[in-house]
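Single-structure report; data block below.
Derivation of every value follows stated rules applied to the coordinates shown; laboratory data play no part. The structure presented is a predicted model; accordingly, all values stated were derived computationally and were not measured. So basically every Cβ, Gly included, is an ideal-geometry build from the backbone, and we count neighbours across all protein chains shown.
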Ligand code: SF4
């Protein structure tokens, strides 16, 4: 898939935002399900290359589904994930392999080629979504992925987390926003689909600042975004910081969080697909300061209802302010 599909805005479901479902129907002609797999890689913020403690919010055990086991071959992981989803999806759903935990371009190129080929050899897999850090790609890896993207769907999903260097330092991210911009632009320039992952509610980030930062997000050649609330999970360094300085954190109710999201989406370029708005972890991972009884589907419904109440939709604030359709950034 190339940038041709990246910059189109094709929504067929009348939602007041560009849904991932509509995007998949446009690209693949049907619903797609991402199947998480683990390639068994680590990340430079854990192995000592950038740091050893990792990002202060990170809890890979909580963020990784239980059927995603790096000790198993990729094909078996995909089978297990398909079995998990089989009762939850429509029979005509297609599948993408989602290299999810840790940094999935953080290995020698030959190793990456082998692991991606394993996933693509699975008879039901129609493409790859590869989650990684912006500082874990280079020209060779991107050139290889660009070639692969000529044959099958490839999306690289970068953990950008914040557009603010101060916020990235505060969570011990180990890279700045310039690294994210560079990686996103180099990837999009090669015709590879790019996703961006952002955490809302990092320490010392008021809602007004988050709203303002959507302008920076709009300046990136992204196809998809994922937003989610900061989850402060037991055992993380973020939890210790929260216990010592709760005043540095946002204390959103579900309603105030939805209000913020609605306003962010009103400022978001309408051609960017909104893939996620919330993170959920299994109940055994206890978290502080967040609502736990609402599921992702509930929050999507709340968001849609709130946008309709406001008679608003994704990007409408940009039209109101500029009276022009905002453009996907040119990349040279
Ligand atoms: S969030 Fe990602 S980059 Fe940060 S420590 Fe965890 S695996 Fe590494």
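Each residue, residue 185 and residue 144, gets one label point 7 Å from its Cα in the Cβ direction; the gap between the two is 2.5 nm.
In the elastic network of the chain, a GNM with C-alpha springs shorter than 10 Å, the most mobile of 197, 228, 251 is 251.
With both labels modelled 7 Å from their Cα along Cα-to-Cβ, the residue 296 to residue 13 distance reads 1.2 nm. One Cα centroid belongs to segment 78-137, the other to segment 246-276; the line between them spans 28 Å.
Residues considered: 233, 308, 145. Largest GNM mean-square fluctuation over the chain, using C-alpha springs under 10 Å, is found at 308.
Residues 11, 64 in ascending order of nearby Cβ atoms (within 10 Å, fewest first): 64, 11.
In this rough spin-label picture, where each label sits 7 Å from Cα along the Cβ direction, the residue 178-residue 209 distance is 2.0 nm. Note on residue 88 and residue 151: the extension gain reaches 19.8 nm, defined as 0.36 nm multiplied by sequence separation minus the Cα-Cα distance.
Can you sort 255, 205, 126, 157 from fewest to most other Cβ atoms within 10 Å of each residue's own Cβ?
Numbers: 255 11, 205 21, 126 15, 157 25.
Ascending number of Cβ neighbours within 10 Å: 255, 126, 205, 157.
Would you mind telling me the antiparallel percentage of the DSSP bridges in the chain, rounded to 5? Of the beta bridges lying entirely in the chain, close to 5 percent run antiparallel. In percent, rounded to a whole number, the relative contact order of segment 3-322 is 19, using alpha-carbon pairs under 8 Å and six or more apart.
Let me make sure I get this right: for the chain, a, b and c are the square roots of the gyration tensor eigenvalues over alpha carbons, sorted descending. Under 1.5 in a/c it's rounded, otherwise prolate if a/b > b/c, else oblate. Which is it? Mind dumping the intermediate values first?
Working: a/c = 1.30, a/b = 1.10, b/c = 1.18.
In terms of gyration-tensor shape, rounded.
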